[in-house]
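The values are calculated or read from the model by the stated rules, or taken from the named source; none is laboratory data. Please read these numbers as outputs of a predicted model, since none were measured by experiment. No Cβ is skipped: glycine too gets one built from the backbone with ideal geometry, and neighbour counts run over all protein chains shown. Accessible surface areas use protein heavy atoms only, side chains included; no ligands, DNA or RNA. Shrake-Rupley method; radii C 1.70, N 1.55, O 1.52, S 1.80 Å.
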Amino acid sequence: MLKKVFGSAVFGVEATTITVEVNVDSGIGYHLVGLPDNAIKESNYRIAAALQNNGYKIPGKKITINMAPADLRKEGSAYDLTLAIGILASSKQIEAPELERYIIMGELSLDGSLQPIKGALPIAVKAREEGFKGFILPSQNAKEAAIVDNLEVYGVDNIKQVINYFDKGETLEQTIINTREEFEKSLDFPEFDFSDVKGQEGIKRCMEIAAAGGHNIILIGPPGAGKTMLAKRLPSILPPMTLHEALETTKIHSVVGRVKDTGLMAQRPFRSPHHTISDVALVGGGAFPQPGEISLSHNGVLFLDELPEFKRGVLEVLRQPLEDREVTISRAKFTVTYPSSFMLVASMNPSPGGYFNDPDAPVTSSPAEMQRYLSKISGPLLDRIDIHIEVTPVPFEKLSDDRKGETSVEIRKRVTKAREIQTKRFKESDAVHYNAQMNTKQIRKYCILDEGSKQLLKTAMERLNLSARAYDRILKVARTIADLEGTETVDGSHISEAIQYRSLDREGWLG
């Protein structure tokens, strides 16, 4: 007897419905086709034990299972429950008249209990799009899937519950979530706050500008100057995520199985990979592609500590995602695209010895060593970082000061107001949402300078030996400074401040 059950496969951040056709006929054998990987091929052992331990069995007949579309590779153990229910229905051990109205997914343990799966959110989105009535999955993933409205989501702990639901009409408890209410409840601030930072007022100002305009930033300073501490606090001053951004971010983390019990991610991600990371782990990929760190940083911050310690090839793969805000991974039979719109925050020592710009420490590195160290960061990569700022150690007097600094909440209000100005400015554009994303045409339109400002910028570029690539970066940052002040025009004071944030373009840094 032929029965159809429906599961789902995730490619990139989108799901594809898989039709599992199970046919039980006279004869002996177990044939599983449709490009299953080894985890799926091994499922018959898990299914046999799970059914045996719950009073059912795999029939001693010829079982043929086709996973369609047959030319699409399927992977993982999440099809165990789908296959098991299909076998029971096809062998008439259970009656399941409404089986084809549900997506069923779950990994089976030998006692019949269910283990969590990856990609529950994109699967739920696809199930709703294709008009399925409900989605049955492990209870650990139920909140994640229930973010999707107009779809019945049932979280179960054991295969017996699913069998009784279809065969005996027993009820399952539907998981219902008010997505907007859950999102608003989760909008708490991260544990790190700028009020904990002693001194460093100039650096905090720089971080505020970076957050307000979405600018990539690099912090240059000796060990112990506070670069990592400042970077960890940047998410606390970024504007709150919109519901759309939260859903987009949750979708990516769902694919790798990193969504917490709350279901919806309302906090901007902060990813800080170690410098030994491979290019595949950073950008994504593999034989069966998975999102990398830059996609897991989508709508948040990617922090690369000690930037020159990363392999040159690893850093170079950042260039295209920084420009296009997405990652495309191609394989022989398919191509997947992951979004990767993130703020890059990098830190580095100014020299191999670490103390080049520390006034109280001797310089121990030769000019040749300095050049070799700094040349690990290519010009094209540096070209995509708008703000370079030097960080110096905080003196004892400020470290021992008990007074609290300005809180992240106060800074965030100014940042959010500046972002609202930019949202209004770029409302006609689908590709540009904040100043850092401006193209050359938009820079010329929104960063008009008077003669005095032009002359100031020209003089600075000549006297400080700033490179040509610094020109557009300075204008973008100056536009953000003007937005923080709420002024329509970019004037000399904005240009003057923006010029300060191009340390690595000056002669003596990267030559």
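Listed by first and then second residue, the pairs with beta-carbon distance under 7 Å, at least 6 apart or on different chains, first residue in the range 122-148 and over 15 Å from I252 (Cβ atoms), second in a strand (DSSP E or B) and charged (D, E, K, R), are K133/E152; G134/E152.
Could we say that Q437 is touching an Asp or Glu at 6+ places or on another chain (Cβ under 7 Å), surrounded by 14 or more Cβ atoms within 10 Å (Cβ to Cβ), within 18 Å of N216 (Cα to Cα) and not hydrophobic (A, V, I, L, M, F, W, C) here? No. Looking across the range 255-299, the residues that are among the β-branched types (V, I, T) and either closer than 21 Å to E323 by Cβ or more than 11 Å from the chain's Cα centre (by Cα) (or both) come down to V259, T262, T276, I277, V280, V283, I294. What residue, among those in the range 141-178 that are out of contact with any Asp or Glu (no Cβ under 8 Å at 6 or more places or on another chain) and of a type in the set (K, R), is least open to solvent (accessible area, probe 1.4 Å)? That would be K160.
Okay, residues lined up against (1) of a type in the set (D, E); (2) within 22 Å of T423 (Cβ to Cβ); (3) open to solvent by 30 Å² or more (accessible area, probe 1.4 Å):
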{"site": "E191", "(1), (2), (3)": "yes, no, yes"}
{"site": "E201", "(1), (2), (3)": "yes, no, yes"}
{"site": "G214", "(1), (2), (3)": "no, yes, no"}
{"site": "G224", "(1), (2), (3)": "no, no, yes"}
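Which one is surrounded by the fewest Cβ atoms within 10 Å (Cβ to Cβ) among residues in the range 43-95 that are among the β-branched types (V, I, T) and more than 35 Å from the chain's Cα centre (by Cα)? By that ranking, first place goes to T64. Kindly indicate the residue of the range 267-286 that is free of Cβ contacts under 8 Å to residues at least 24 places away in the same chain and aliphatic (A, V, I, L, M) and also most open to solvent (accessible area, probe 1.4 Å) among those meeting that condition. Within the range 267-286, the match that is most open to solvent (accessible area, probe 1.4 Å) is V280. Please state which of the following conditions R180 fails to meet, knowing it meets all the rest: (1) over 17 Å from V345 (Cβ atoms); (2) in contact with a Phe, Trp or Tyr (Cβ under 8 Å, 6 or more places away or on another chain). The one condition R180 does not meet is (2). Listed by position, the strands (runs of 3 or more DSSP E) contained in the range 295-354 that have at least 1 residues being among the polar types (S, T, N, Q) are 326-330, 335-339, 343-348. Restricting attention to the range 237-261, the residues that are open to solvent by 30 Å² or more (accessible area, probe 1.4 Å) and within 14 Å of R180 (Cβ to Cβ) total 6.
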